[in-house]
Amino acid sequence: MRSLSLFMTAIGVIFLSFQGRPLTEAKISSLPQPSLKGDVSVEEALARRRSIRSFSEEKLTTEEISQLLWAAQGITQRGTGFRTAPSAGALYPLEVYLVTEDGLFHYMSQGHRLERLEDSDLRNELAGAALGQRAVREAAVDFVVTAVYSRTTRKYGPRGERYVHIEVGHLGQNIHLQAVALGLGSLSVGAFSDEQVRRVLSLPKEEVPLYIIPVGHPK
Ligand SMILES: Cc1cc2nc3c(=O)[nH]c(=O)nc-3n(C[C@H](O)[C@H](O)[C@H](O)COP(=O)(O)O)c2cc1C
């Protein structure tokens, strides 16, 4: 009986330490399942959304980060792989990065996972690339959205560029509305140097940064 209870305690300790481990330590980490129910209606989120440029130091929880990433590019239909945001020809030309105190991460829609790319906090450098904007430096998390245009222009020719720009707007609004629903604030940032952002994030050559979205607790 005593050995059974020791065994159960050991299992409990292993389980708790696994639960308590920051997801971000691993090279690839699974994110918590997103919630499909919330307390804020779409109408309320639309009415309340405002650009927030000043954030407190409070970090986001892994659940909040997971929810925001899912809103941005989460897969909502198994089999087809269709996502929260529409995409011309379902070609998905956008990539989502996360810049936080804990490092730089890349979102993998497939499997709803995060890939760790860098351990250091790049928010200061990213703010430098965005004309020193304070919101980018202060936010708990900066989402950086990039595009691989060829995924879409290969099928649609030059008009594909327009489609990619429409899509990044969908993705951005999804993040903004989800942020409001979570009681968080967000900002659209378009004023930045593509080249500097590319350098700060060490982006692959074919990726063009299109959008930065700082998210955090409003001050
Ligand atoms: C494409 C785009 C780029 C923007 N870039 C910036 C920016 O670099 N810095 C900033 O402070 N606000 C930026 N904004 C936010 C606008 O200033 C803001 O949306 C506008 O003032 C209306 O306020 P609201 O968002 O609270 O409705 C941008 C908005 C959009 C749509």
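Key figures for this structure:
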{"read-out": "Efficiency of FRET from Cβ geometry, L36 and L131, R₀ 22 Å, rounded to 0.05", "value": "0.05"}
{"read-out": "The stretch 190-205 - phi-based ³J(HN,Hα) in whole Hz, Karplus 6.51/-1.76/1.60, Gly and Pro as x", "value": "x, 8, 7, 8, 4, 4, 5, 4, 4, 5, 4, 8, 6, 6, x, 4"}
{"read-out": "Cα Rg over Rh - the chain, Kirkwood", "value": "1.02"}
{"read-out": "Residues whose placed amide H lies under 5 Å from that of S54, excluding near-sequence neighbours", "value": "K219"}
{"read-out": "Set of lysines near K27 by C-alpha distance (under 25 Å), chain-local residues within fewer than 8 positions excluded", "value": "K59, K205"}
{"read-out": "Cα gyration tensor shape of the stretch 107-163, rounded if a/c is under 1.5, else prolate or oblate by comparing a/b with b/c", "value": "oblate"}
{"read-out": "Residue among Q133, P209, L91 farthest towards the positive dipole end of the stretch 28-216, charges placed on Cβ", "value": "L91"}
{"read-out": "Gaussian network model of the chain, Cα within-10 Å springs - most flexible of R48, R116, R137", "value": "R48"}
{"read-out": "Charge context of K155, other residues only, Cβ under 14 angstrom, K/R +1, D/E -1", "value": "+2"}
{"read-out": "Zero-based 5 Å bins, Cα pair distances in the stretch 60-110, whole percents", "value": "4, 19, 29, 23, 13, 8, 3, 0"}
{"read-out": "Fraction of antiparallel bridges per DSSP, the chain only, in percent to nearest 5", "value": "95 percent"}
{"read-out": "Angstrom value of the Kirkwood radius, inverse mean 1/r, which spans all Cα pairs in the stretch 91-219", "value": "14.9 Å"}
{"read-out": "Cα-centred dipole magnitude for the chain, charges only on beta-carbon of K, R (+1) and D, E (-1), debye, nearest 20", "value": "500 debye"}
{"read-out": "Quarter of Cα convex hull surface for the stretch 31-76, i.e. mean projection, nm²", "value": "4.3 nm²"}
{"read-out": "Inter-site label distance for T62 and R154 at 7 Å from Cα along Cβ, in nm", "value": "3.4 nm"}
{"read-out": "Environment charge at M108 (Cβ cut-off 13 Å; Lys +1, Arg +1, Asp -1, Glu -1)", "value": "+2"}
{"read-out": "Per-residue [θ]222 nm for the chain (sum of -39500 (n - 2.57) over DSSP H runs n ≥ 4, rounded to 500)", "value": "-12000 deg cm²/dmol"}
{"read-out": "Label-point separation, E115 to E206 (7 Å along Cα→Cβ), nm", "value": "1.3 nm"}
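Where a number appears in this text, it was derived from the coordinates with a stated rule and is not lab data. Keep in mind that this is a model prediction, so the values were computed, not measured. FYI the Cβ positions are ideal-geometry reconstructions off the backbone, even for glycines, and counts take in every protein chain you see.
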